Amino acid sequence: MKLVFFADLHLDAPFAWLGGSQLAARRRRQSLRETLGTIIRLADVIHADALLCGGDLFEQARYTPDTIAFLERAFEEIEPMPVYLAPGNHDWYGPESPYRQAHWSSNVHIFTEDRLQPVPLQDGLTLWGAAHRAPARTLGFLDDFKVDRGGVHLALFHGSERSGFLAGEAGHQPHAPFDAAQIERSGLHHALVGHYHRPRDAERYTYPGNPDFLTFGEDGERGAVVVTVLPAAGWSVSGTGLA
């Protein structure tokens, strides 16, 4: 099974570092939309079984109705490919959330609880997802969590691996903190996580990073991650860059 995973797109980001140029900021926001289109084309080209987003898909404080209409169209175009969205601290799921207001196509699944909930992807493979229900003070999704069934288990959420925070992730607060050791103890095989903008591919978790540049000085390869789950041999994660 192949999954395409991304996070931290931040549609409608203000791009204040551009010095107040509204034209330049609009161009950068358009680039973010084009990046999502590239990710969706990647999922189509490789015949992915699902598309996953680990939060901060948009900026709830700045979103426009046009942004939501754009997302509705983008995900509808790949129907029936399932799309799984795990809201983060910038696109948190609340009473006035755009996630509630949008008219999503039937292939879109939004995790709405602040605890990990299971969705079967296929026989023997379960995706556990959770949502931020507020912009701050979300507790760790892995605290006291244990899988309750057999098979292969993946998690999808927006959170802060503590060693990464201590090592220094400029501008990022420890939302929904967790330790890498909690992943294995919980019975999960791998966690697909958003929040940190610098890509990290660890043994038990993967941060894809923001797929398009958001601030001055960002560097390194950026894109989506292709997750390949092998029925007989467990699981493996491999990264792929975007053009």
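Just a few scattered comments:
- Loop trypsin sites (Lys or Arg not before Pro), segment 11-66 (other Cβ atoms within 10 Å of the site Cβ: 16 or fewer; DSSP): R62
- Residue order, fewest to most surrounding Cβ atoms within 10 angstrom, among F141, F58: F58, F141
- Label-to-label distance, E76 versus Q30, with points set 7 angstrom from Cα along the beta-carbon direction: 2.3 nm.
- Segment 2-241: relative contact order in percent, alpha carbon pairs under 8 Å with at least 6 residues between: 20 percent
- Theoretical gain in end-to-end length, A61 to M1 [0.36 nm per residue, Cα-Cα removed]: 18.0 nm
- Computed [θ] at 222 nm, deg cm²/dmol, the chain (DSSP H ≥ 4; -39,500 (n - 2.57); rounded to nearest 500): -6500 deg cm²/dmol
- Proxy reagent accessibility, fewest Cβ within 10 Å first, across D66, D56, D219: D219, D66, D56
- For the pair A180 and S21, a Förster radius of 30 Å applied to the C-beta separation gives a FRET efficiency near 0.15, rounded to the nearest 0.05.
- For trypsin sites (Lys or Arg not before Pro), the sites in segment 69-151 that DSSP calls loop and that have at most 11 other Cβ atoms within 10 Å are R137, K146, R149.
We did not get these values from a lab; they are worked out from the coordinates using the rules stated. Note that the structure is predicted; figures quoted are calculated from it, not measured. Virtual Cβ from ideal backbone geometry, glycine too; neighbours counted across all protein chains shown.
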